[in-house]
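Structure first, commentary second.
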Amino acid sequence: MSLSRTSAAQPVPRHYVAYRTATPLTLDGHLDEPAWQAAPWTDAFTNIEGDRRPAPRFHTRAKMLWDDAYFYVAATLEEPHLWATLTERDAVIFHDNDFEVFIDPDGDTHLYYEIELNALGTVWDLLLVRPYRDGGPPLDAWDIRSLRLGLHLDGTLNDPSDTDRGWTVELALPWEALREAAPGDRPPQPGATWRVNFSRVQWHTDVVDGRYVKRTDPATGRPLPEDNWVWSPQGVIDMHRPERWGFVLFSDRIAGTGTTPFVPDPNERVKDALRHLHEAQRAHFRTHGRYADDLAALGADTLRVDGLAFTPTLYVTPTLYEITAPGFDGATVHIRHDGRVWVEKP
């Protein structure tokens, strides 16, 4: 199996280097502290499906910082019509226009976080045991109790009589909460890389009787589909594919004192190759009612990644399986029947 051939249409995940802040941040949505001023912006958000779909109507971008207590996220969202309705915590916030954060600390695609908020500052935070494709479930009762949040609205909320400019989000996510799914049950060490993505849900609205309402399809009477704009494109309308999120490298440099290069981990390419075998195993199970016990039946007894050949090993029981492959730098890469993928290093 050649990874370059099988994954040609899949967008390449974006990356970002998060620098440290040496001073506390005031969460007010203004981003005027020196650390925020020095932190780089991400690329502008794009359509969730990538460049093959229309570009976003409004500009969005984000930046990140960290210290010993928090992972900081900020975003600016261009918005001519500030609108939000939901006020109850853990309501399904994407029924409003929203900003969303997704974090997978160890990159195994399981046990990851989702945080959503609207322009009222209403939060929905949840822990996903597995992606929905692998059976979930989402744990709505999980809350970041020490979450800190700041908003700045550049305009008037829920007032169609004027034109607004946008809103700014500022979040402080405590390591005390995020370490639950992190390697070693601790905050990231300098040089660690986590998988992160950001999403913006944007509905089409009209003004009816002086109020914003979702625009409907005349044929069905239902709201038009929402737009989904993201930092790192997913390739499909599905945020719950953590393997397609961006990479965030945590640098020990103070923001503004220099730069740290981002160096991709070649074992991520081996992970991708094993995911293709995983999808082939699932297809085999749907067709035959059992997992293949021979990699040749999946069309690949050898993986070729970046010009190098790797020979995977398959372990199968009637209801479970695991595939392993040697990776780069002496690592071993694993994937199992429920989609979890991980790397063991010597």
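The values are calculated or read from the model by the stated rules, or taken from the named source; none is laboratory data. These figures come from a predicted structure and were not determined experimentally. Every residue, glycine among them, receives a Cβ derived from its backbone with ideal geometry; neighbour counts consider all protein chains shown.
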Residue pairs qualifying under the 6 Å Cβ cut-off, at least six apart or on distinct chains, with the first in the range 321-346 being basic (Lys, Arg) and the second being not in a loop (DSSP other than H, G, I, E, B), are Arg336/Glu322
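Listed residues Leu249, Leu303; which is aliphatic (A, V, I, L, M), at pLDDT below 95, touching a Phe, Trp or Tyr at 6+ places or on another chain (Cβ under 9 Å) and surrounded by 13 or more Cβ atoms within 10 Å (Cβ to Cβ)? Before you say what the answer is, go through the steps one by one.
On the way: Leu249 fails: at pLDDT below 95.
Sole residue among the options that is aliphatic (A, V, I, L, M), at pLDDT below 95, touching a Phe, Trp or Tyr at 6+ places or on another chain (Cβ under 9 Å) and surrounded by 13 or more Cβ atoms within 10 Å (Cβ to Cβ): Leu303.
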When the range 137-177 is checked residue by residue, the ones that are within 15 Å of His30 (Cβ to Cβ) and among the hydroxyl-bearing types (Ser, Thr, Tyr) are Thr168
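When you look at Arg275, is it of a type in the set (Lys, Arg), assigned by TED's automatic domain parsing to the domain that holds Pro56 and surrounded by 13 or more Cβ atoms within 10 Å (Cβ to Cβ), yes or no? Give the derivation first.
Working: of a type in the set (Lys, Arg): yes; assigned by TED's automatic domain parsing to the domain that holds Pro56: no; surrounded by 13 or more Cβ atoms within 10 Å (Cβ to Cβ): yes.
Taking the combined requirement at face value, the residue does not satisfy it.
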Checked against (1) in contact with a Lys or Arg (Cβ under 8 Å, 6 or more places away or on another chain); (2) assigned to a loop (DSSP other than H, G, I, E, B), Thr257 satisfies every condition except (1)
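Each row is one residue, and each column tells you yes or no for (1) of a type in the set (A, V, I, L, M, F, W, C); (2) over 30 Å from Glu268 (Cα atoms); (3) surrounded by 15 or more Cβ atoms within 10 Å (Cβ to Cβ).
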residue	(1), (2), (3)
Leu147	yes, yes, yes
Leu171	yes, no, yes
Gly184	no, no, no
Gly191	no, no, no
Arg195	no, no, yes
**Message:** Residues that are surrounded by fewer than 19 Cβ atoms within 10 Å (Cβ to Cβ), in a strand (DSSP E or B) and not hydrophobic (A, V, I, L, M, F, W, C): does the range 135-144 have at least one?
**Reply:** yes
Cβ pairs under 6 Å, 6+ apart or interchain, first in the range 33-57 and within 18 Å of Leu77 (Cα to Cα), second at pLDDT below 95 and of a type outside the set (S, T, N, Q), ordered by first then second residue, are Asn47/Arg53
task: Check the range 167-183 and report whether any residue there is among the basic types (Lys, Arg), in a strand (DSSP E or B) and over 20 Å from Tyr16 (Cβ atoms).
output: no
Within the range 292-321, restricting to residues that are assigned to a loop (DSSP other than H, G, I, E, B) and small (Gly, Ala, Ser), the one that is nearest to Pro264 (Cα to Cα) is Gly307
Within the range 145-166, restricting to residues that are among the small types (Gly, Ala, Ser) and assigned to a loop (DSSP other than H, G, I, E, B), the one that is farthest from Asp104 (Cα to Cα) is Ser161
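Can you tell me how many residues within the range 322-336 are touching a Leu at 6+ places or on another chain (Cβ under 9 Å) and either assigned to a strand (DSSP E or B) or at pLDDT 95 or above (or both)?
The first filter runs over the range 322-336 and keeps only residues touching a Leu at 6+ places or on another chain (Cβ under 9 Å), leaving 322-325, 328, 333-336.
Pick out the ones that are also either assigned to a strand (DSSP E or B) or at pLDDT 95 or above (or both) and you get 322-325, 333-336.
The number of residues fulfilling the criteria is 8.
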